[in-house]
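*Asks:* This is the structure I want to talk about, given as structure tokens.
The values are calculated or read from the model by the stated rules, or taken from the named source; none is laboratory data. Fair warning: this is a prediction, and the values are worked out from it, not measured in the lab. No Cβ is skipped: glycine too gets one built from the backbone with ideal geometry, and neighbour counts run over all protein chains shown. Each accessible area value is taken on the protein alone, full model and side chains, heavy atoms only, with ligands, DNA and RNA left out. Shrake-Rupley method; radii C 1.70, N 1.55, O 1.52, S 1.80 Å.
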Amino acid sequence: MKHAFYGYHQEKRICKRYSTEYWGIIIKALALVAIFAFAASESPVQTVTQTSWDGDSGVPGPVNSWVTNYWEDTLVTISTGQIALTTSFDPLPHSIHGGTWENLIAADVDGDGDQDICAVDLDSSVKWWENTDGTGTAWTQHTVTSESGHLWIHSGDIDGDGDTDLMTAFMDIDHNEYYWWENTDGTGSSWTKHTIGGDMVEPQCIHGADLDGDGDIDVMGTALYENRIVLFLNDGTGSSWTRSYIDSDNGADMIISADIDNDGDLDVPATLYDELIWYENNGSATVWTRHLVSSASSWDLEIVDAADINNDGYIDLVYAGLYRKLGWYENTDGTGTSWTGRELPHCHSTGAMSVATADMNGDGTTDIVAGFDWVYTVEWWSNNNGTGQAWTHYAVDDLDMPYSLCTADLNGDGIDEPAGCGSGGLRWWSPEWEPLAGSLTSSILEINGEPDWGMLSWDADIHTGNSVYFQVRGGSDSTHMGEWSDTLMLPCSLLTVLADDDTFFQYKAIMKRVDDTTIPVLKEISVNYILRSVGMPEDAYHLGYPFPNPSSYYVSMYFQIPLSGNVKVTVFDLMGRLVATPMDMEHEAGVHGIFIEDLKPGVYLIRIESGLWTETSRFVVVEQ
């Protein structure tokens, strides 16, 4: 017996993925192709849906429901349960300058709205490179000072005049000082040197931040041969500094600022040779409490950075150590009193000497980029699901002795890119996005009975230039599934795709990306069917139940006629007024379908007539 059914599953939600000018075409096309088999049975339509894929992979099935599991995938990632096409980082290096550079930062030095690069070399000078057209492809070099001895650089508006000034840590045989450089006219073309303070043996790190909460930039510093962390509080103009110490007994190698305990003021994370610590600020930068994050012998910690790695709203700490794998510590309760250490996968066991954090692929999660001694590479870890538990590792570039890294939007695309320096020069890397395709194959779904297959539908975020489409296959034996179908670009009926005796079903979601700013995301897929009745005789007339009932958009029904003849279907409201005639045509004996749409909210009666047989059913349409 041949079956036919007219149906359209989740039409409104499906169509929202396409541009407005194609709605009419899509709706008409889907109404024509949505023909599928339904038997004469009172069994309701069954729908199997998958909305999450964050369970186990490698589950071939057969399964009775997909839940969150699937079989296998290529180049896709699971984020918050949804499927997204993995971004591909194929970095294009951009050289800014050759030579050796110890430390770099990104800042808008000339006040033109884009990010420039500043760097120091212990043996030569302090320079900055103007991002000439804001795209990072052309750079103009400017000299702040030609004197050697500057090891570290930072930036901030020291004198409160609205432009970007610079700070450096300086050491030579005769002087050990912390300086700030006044950006005299705000364009970076003229600089005036000011002394912040000294009396620290071989200053190493310098960092500026508003530590006392008075709205100006204060300065703190470390030194190679000091057990002290010095703090200089700014009078707001950079002409007078009040000296104190964050720590007078332990010292540190590198210091940064971040609100670790979530109390609204800036604290000070720091690295020592074998300790990762942070100093709690009492809010006025007058009292500091030392907290240990973790310690071990022979770590040789080099760098610390602060960022919310797992998207819980708390600041975590990322570290790099020459004798420790790259990793991060989770600020478990947001107070800085409990920490959980985590190492990054596919990481060299030693040699991490620089690190920086940012969302470098625009997916809303914080990624990590690091430079390694011994192997002389820069490498990137993409934070796949935003929890810091799943990472994709990429090689960025070879760079001799990558001493320092930073991240900033150097090409004006709204996404931060990494920049680095070392003995191999000063450069930054822009991602090159290639046309990519990835797929996910479901576990095999088993239907306990004889199904008449209905609609395949899905919900996805698809932007111009990207696509999500499907292939499906069925079989009567899960170990011998049929061939994959042709590409299904739109939700459709499976009538001509699957065979009548297929009791096993499998889908393959295929995603393509040809745009460098958007990622296709699959949120949901569903397939529906109805089990054939074993008790309905083929020589009976029958009208099935309306489905869904109540409905917010469309209603579908099936009917059986044992003799060929004309079938007329009419719809009336409760006042007896004729509303629609969805069918008035000849049909062969068998099971067929009815599809009714575009009805206003209300209660309706549907009447079917064929020969001497008439039958009536009722259904309800509600507001969408």
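*Asks:* Cβ neighbours within 10 Å, averaged per peptide: list 404-410, 325-331 in order, most packed at the top.
*Replies:* Packing order, densest peptide first, comes out as 404-410, 325-331.
*Asks:* Which of TYR469, HIS194, GLY162 sits closest to the plus end of the dipole of the chain, meaning its Cα is farthest towards the positive end, when Lys and Arg get +1 and Asp and Glu get -1 on the C-beta?
*Replies:* Ranked along the dipole, the leading option is TYR469.
*Asks:* Cα-Cα pairs above 47 Å in the chain: how many percent?
*Replies:* 37
*Asks:* Could you state the angle between the C-alpha long axis of helix 23-33 and the longest principal axis of the C-alpha atoms of the chain, as a value from 0 to 90 degrees rounded to the nearest 10?
*Replies:* 50
*Asks:* In nm, give the distance between the simple-model label positions of ASP185 and ASP249, each being 7 Å from the Cα along the Cα-to-Cβ direction.
*Replies:* Calculated label separation equals 5.2 nm.
*Asks:* Something else: Given the DSSP H assignment, sum -39500 (n - 2.57) over each helix run of at least 4 residues in the chain and divide by its residue total; what's the result at 222 nm in deg cm²/dmol, nearest 500?
*Replies:* -500 deg cm²/dmol
*Asks:* Charges at C-beta only: +1 for Lys and Arg, -1 for Asp and Glu. How large is the resulting dipole of the stretch 329-432 about its Cα centre, in Debye rounded to 20? Intermediate values should be presented prior to the final figure.
*Replies:* Details: 2 positive and 16 negative charges, 52 e Å.
Rounded to the nearest 20 debye, it is 260 debye.
*Asks:* On the principal axes of its Cα set, how long, how wide and how thick is the stretch 238-340? Give whole Å, largest value first.
*Replies:* Computed over the stretch 238-340, the largest-to-smallest principal extents equal 42, 31, 22 Å.
*Asks:* Nothing charged except the Cβ atoms of Lys and Arg (+1) and of Asp and Glu (-1): what's the magnitude of the dipole of the chain about its Cα centre? Round to the nearest 20 debye.
*Replies:* 3960
*Asks:* How much length, in nm to one decimal, is gained on full extension between TYR225 and VAL48, taken as 0.36 nm per residue of separation minus their Cα-Cα distance?
*Replies:* 57.0 nm
*Asks:* Of PRO431, GLN506, CYS347, which is farthest along the charge dipole of the chain in the positive direction, counting Lys and Arg as +1 and Asp and Glu as -1 at C-beta?
*Replies:* So the residue furthest toward the plus end is GLN506.
*Asks:* With every protein chain present, what is the per residue accessible area of the stretch 356-512 (1.4 Å probe, Å²)?
*Replies:* Ligands and nucleic acids excluded, the figure is 34 Å² per residue.
*Asks:* Still on this structure, I have one more. Got a sec? What order do ASP73, ASP300, ASP400, ASP539 fall in by accessible area at 1.4 Å, biggest, i.e. largest, first?
*Replies:* Working: ASP73 55, ASP300 30, ASP400 80, ASP539 120 Å².
Correct descending sequence by accessible area is ASP539, ASP400, ASP73, ASP300.
*Asks:* What FRET efficiency would be calculated for the residue pair GLU597, GLU432, taking the C-beta separation as r and a Förster radius of 35 Å, to the nearest 0.05? Can you show the working numbers first?
*Replies:* Working: r = 46 Å, r/R0 = 1.32.
About 0.15, to the nearest 0.05.
*Asks:* Identify, among THR332, ILE303, VAL318, the residue whose Cα sits farthest towards the positive end of the charge dipole of the stretch 229-367, taking +1 on the Cβ of Lys and Arg and -1 on the Cβ of Asp and Glu, with the dipole about the Cα centre.
*Replies:* So the residue furthest toward the plus end is ILE303.
*Asks:* Now a separate question. Report the full-extension gain for the segment ASP108 to ASP56: residue separation times 0.36 nm, less the Cα-Cα distance, to one decimal in nm.
*Replies:* Value of the extension gain: 14.1 nm.
*Asks:* Okay, next question. Evaluate the charge dipole of the stretch 65-146 about its Cα centre and quote only its size in Debye, nearest 20, assuming +1 on the Cβ of each Lys and Arg and -1 on the Cβ of each Asp and Glu.
*Replies:* In total the dipole reaches around 220 debye.
*Asks:* Show me the chymotrypsin sites (Phe, Trp or Tyr not before Pro) within the stretch 218-293 that DSSP assigns to loop and that have at most 13 other Cβ atoms within 10 Å of their Cβ.
*Replies:* For chymotrypsin sites (Phe, Trp or Tyr not before Pro) across the stretch 218-293 that sit outside H, G, I, E and B with at most 13 neighbouring Cβ atoms in 10 Å, the list reads TYR225.
*Asks:* Continuing with the same structure: For the residue pair ASP210 and MET489, what label-to-label distance in nm results when each label sits 7 Å from Cα along the Cα-to-beta-carbon direction?
*Replies:* 5.5
*Asks:* For LEU211, enumerate residues with amide H under 5 Å from its amide H, sequence gap 5+ or separate chain, H modeled in the peptide plane.
*Replies:* Amide H neighbours of LEU211: ASP218.
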